[in-house]
Amino acid sequence: MYWTDYNTIQRANLDGTGVTNLVTGRADGSGSTYARGLALDGGSGQMYWTTANAIQRANLDGTGVMDLMTGLNQPRGIILDVENGQMYWTINYYDNGSNQGKIQRANLDGSGVTDLVTGLGAGPRSIALDVLGGQVYWTDYNTIQRASLDGTGVTDLVTGLGTNYARGLTLDVVAGQMYWASQTRPSSHIGYIQRANLDGTEITTISTPPFSAHDLALDLSSGDIYGVSAAPVPSAVWLFGSGIIGLVAFARRKKA
């Protein structure tokens, strides 16, 4: 599995052993990577991640780090549509009283950057794709939304979460469900995992506090949910081969 921890990208075996530092510092040597979201292209042997103002790429062993895009305003979550050669990410940005949140898309080489959804709040974070269904999903503080892959048809799926901010988001498209991790503000160390249908109906809480997660991932083959521990706080982790975001320290058996 792979994960980001601010200025480091690391890898370990699924049992948590063999932790290895893959990337530390920016490709240009200018300092901290400040890595946030992370996504893998296993077929090409590459990983992609967001920093405070850029999207970078490297080989899965951490070599060949390069900037794909710079000058971005607070990119957060990132997801790949490898078959169609594209990546999607969230922009989590607030400037002088104006919310600048958006969903963007580009080719895997960083070309063709396109604004898909603009005018969002300041809190878009996690992002997930249902490519066959033609939908992109994202969290925005206490709301979960989706739109068509061209950015049209923006729909609120889950609202009214109050101070329980939706952080992580992952889909089980086959079962028609989505999972997310919530954190209660101002105490970011209390939260739980929830599940709903892809249209936002039938919300179910499947873990109880105290639980804190910043991102989630599903291993559909084993029926496990992986979550990010709040202390320390990695931004994201990717379980290679299953399209999974989570953390070594926590695994919970998914309810049938």
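Read-outs throughout are calculated quantities, based only on the coordinates presented, and are distinct from any laboratory measurement. Model, not experiment: these values are computed from the prediction. Because the Cβ atoms are built from the backbone with ideal geometry, glycine has one as well, and the counts that use them run over all protein chains shown.
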Between residue 159 and residue 12, what is 0.36 nm times their sequence separation minus the Cα-Cα distance? Round to one decimal in nm. 49.3 nm
Förster-model FRET efficiency, 25 Å R0, residue 20 and residue 52, C-beta, rounded to 0.05: 0.55
May I ask you to order 40-47, 76-83, 197-204, 146-153 by the average number of other C-beta atoms within 10 Å around their residues, highest value first? 76-83, 40-47, 146-153, 197-204
Cα centroid separation - the range 140-176 against the range 114-137, whole Å: 8
Test of understanding: what is the full-extension gain from residue 67 to residue 118, defined as 0.36 nm times their sequence separation minus their Cα-Cα distance? 16.0 nm
At q = 0.17, 0.18, 0.22, 0.26 Å⁻¹, what log₁₀ I(q)/I(0) does the range 37-120 have when each alpha carbon counts as one equal point scatterer in the Debye sum? -0.64, -0.71, -1.01, -1.34
